[in-house]
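First up is the structure itself, then whatever we jot down about it.
The values are calculated or read from the model by the stated rules, or taken from the named source; none is laboratory data. No experiment lies behind these values; they were computed from the predicted model shown. Cβ coordinates were reconstructed from backbone atoms using ideal geometry, including for glycine residues, and neighbour counts include every protein chain displayed. SASA here: full protein model, heavy atoms, side chains in, ligands and nucleic acids out. Shrake-Rupley method; radii C 1.70, N 1.55, O 1.52, S 1.80 Å.
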Amino acid sequence: MLPFSTQFAALRSSGLPSGLQLAVGGATQRGANHISMQDASGLLVSRRCVIGVVCDGCSSGHRDSERPGVASSNEVGARLLAAMIPHTLVQLLSRRPTLDQLLLDRLASTLTRSLKKIVAATSDGQRPARERFIFDYLMTTILVAVFTDREYVVFGKGDGIFGVNANITELEDETGHYFASALLVPSSNGRIP
């Protein structure tokens with residue numbers, strides 16, 4: 001399975017006007033049973049691209065951490081990834097300015113390495129502690145849109161829906177399968193690959 005569900009498209013214009021005005025807004029609503037806001041967003045505007053990220057932390061956590069009426073702390077993962085994704089994409093695009101599957105594969109690889117370091121720094125190295133941290137802090141839906149003057153891509157992982165023109169992609173088939181879920185797959189020696 002690819003790390004992200006994607007929609008690739010080419011802008012219909014020959015390029016964006018250099019004086020393009022950009023306005024960004026957003027709204028979010030805290031869940032009725034949530035103490036904290038589990039949504040996060042990130043925006044990066046550069047000369048080469050515009051990157052927008054929306055993340056929605058999973059309200060459930062690890063089975064050993066769950067308490068009735070208390071949501072997980074997955075807003076931590078939502079905030080981390082909403083900040084990490086735009087900056088990582090800008091670095092990757094500076095080396096190779098093409099919006100394609102190779103870019104998304106490199107993004108996934110870079111983010112996975114970074115999250116593995118965070119997991120290693122916050123757990124005792126034992127599988128139960130790693131799993132609790134991943135389930136309680138890093139599970140979040142990711143939706144990303146990247147625009148350059150020639151093309152754009154919209155992609156996501158988790159649950160939800162996104163559209164590009166008339167092409168609608170539902171992530172409901174991936175419900176419960178978040179980007180950080182890949183960190184739960186141990187290698188043959190029991191370590192996270």
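Out of the residues in region 168-180 that are buried (at least 19 other Cβ atoms within 10 Å of the Cβ) and part of a loop (DSSP other than H, G, I, E, B), which is modelled with the highest pLDDT?
Residue satisfying both the conditions and the ranking: 178.
Identify all residues within region 106-138 that are open to solvent by less than 40 Å² (accessible area, probe 1.4 Å) and not in a helix (DSSP H, G or I); write none if there are none.
The answer is 123, and nothing else.
Residue 141: in contact (Cβ under 8 Å) with a residue 40 or more places away in the chain and part of a strand (DSSP E or B), yes or no?
So residue 141 passes the test.
Can you work out which of the residues in region 149-167 that are among the charged types (D, E, K, R) and in a loop (DSSP other than H, G, I, E, B) is farthest from residue 46 (Cα to Cα)?
Selected residue: 159.
Condition first: surrounded by fewer than 17 Cβ atoms within 10 Å (Cβ to Cβ) and in a helix (DSSP H, G or I). Now tell me which residues in region 94-105 satisfy that.
94, 95, 101, 102, 105, listed by residue number.
Out of region 38-55, which residues are open to solvent by 80 Å² or more (accessible area, probe 1.4 Å) and of a type outside the set (A, V, I, L, M)?
Result: 41, 47, 48.
Answer yes or no: is there a residue in region 148-159 that is under 25 Å from residue 113 (Cα atoms), open to solvent by less than 40 Å² (accessible area, probe 1.4 Å), of a type in the set (Ser, Thr, Tyr) and modelled with pLDDT of 85 or more.
no
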